[in-house]
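Every number here is computed from the coordinates shown, using simple stated rules; none is lab data. Only a predicted model underlies this, so the values are computations on that prediction, with no experimental measurement involved. Note that each Cβ is placed from the backbone with ideal geometry, even for glycine, and that neighbours are counted across all protein chains shown.
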Amino acid sequence: MPYLGAHMSISGGIHRAIDRIKKVNGKALQIFSKNQRQWKARPLDGNTIEIFKNKWREWGGYEIAIHTSYLINLAAKNKEIRKKSIYGLIDELNRASQLGIKYLIVHPGSHGGDGTDLGLKRVVNSIESAIEERGSDNVLILLETTSGQGNSLGSRFEEFAYIIEKCKYSDRLGVCIDTAHIFQAGYDIRDEMSYKRTIELIDKIIGLDKIGFFHLNDSKTELGSKVDRHEHIGQGKIGLSGFRYLLNDPLFKNHSMVLETPKGKDLKEDKRNLKVLNSLINY
Ligand SMILES: [Zn+2]
Ligand SMILES: [Zn+2]
């Protein structure tokens, strides 16, 4: 059965995210490696890294993914922003590597009106530059599926296939599937037929072996809305059935899946959503 958890705040120190995930009994975690709305951050010091790794071990060593800063736009029209984004990605790769985290989740980016083709080419170039500058290690870059709002890339599976195929370092790339985003992009998962068709499409176009991580969110908006609004599990337009197929699919029984749904400081919403998800698992 899949490992279920949530995105947690690193407020008070990066290790505090592990305290929070333990509090809701989660078995998968996503974090930001720094304030996600600032370019600059202090480098991680040895002490911080050690505390984090010890806590991680105590928790059980479940999978942790870093979600990169929202400022990063690998497809940016503006050259300066693209350059900053490449350095931003390098910094995130460094931090992931220092913390021993395997997955780095990044949005493909926004083409700023220049069109999908040019946008995708820039994404490939930016990733190649970052990997060449950073050198090789074990961190995998997972490109996240998006709802396709405005000029953002990543709402069609073909776009991921293109990036992975064209990139010189395709073995360093994978995808993160967000249930709300694919639904908002027009891929239905609400009944068995549509769920199976969507998974078949991912398999045929990208390859299931490229899926590294999942975001489990219900959607406030309709199928194909292209508007990204997260809702609590079962309370949105996807509803419980889609999550039931995904959670019981043997293809993903060893995958880690995290919530990115709204919550307060006491985390009671996460507890409730995790309870709902667990109740859908038949085995
Ligand atoms: Zn994201
Ligand atoms: Zn979203």
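Key figures
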read-out	value
Filtered trypsin sites (Lys or Arg not before Pro), the range 16-84: DSSP coil and at most 15 other beta carbons within 10 Å	Arg37, Lys40
Computed E for Leu201/Asn54 - FRET, C-beta separation, R0 51 angstrom, nearest 0.05	0.75
Amide H contacts of His67 (H built 1.01 Å from N, under 5 Å, at least 5 apart or other chain)	Ile31, Phe32, Ser33, Ile105
Reachable lysines, given that their alpha-carbon falls under 19 Å from the alpha-carbon of Lys23 and they are not under 8 places away in the same chain	Lys53, Lys55, Lys263, Lys265, Lys268, Lys271, Lys275
Amide proton proximity set for Gly174, modelled H, under 5 Å, gap of 5+	Ile141, Leu142, Leu143
Förster-model FRET efficiency, 45 Å R0, Asp266 and Lys77, C-beta, rounded to 0.05	0.60
3J(HN,Hα) from dihedral phi, the range 97-106, Karplus parametrisation 6.51/-1.76/1.60, rounded to Hz, x for glycine, proline	4, 4, 7, x, 8, 7, 10, 10, 9, 9
Calculated FRET efficiency for the pair Asp137/Glu158, C-beta based, R₀ 30 Å, to 0.05	0.55
Ranked Ile10, Ile164, Ile177, Ile281, criterion: other C-beta atoms within 10 Å, fewest first	Ile281, Ile10, Ile164, Ile177
Charge dipole of the chain about the Cα centre (unit charges at C-beta), most positive-ward option of Ser225, Ala161, Tyr70	Tyr70
Mean separation of Cα contacts under 8 Å (6+ apart) over length of the range 122-243, as relative contact order %	26
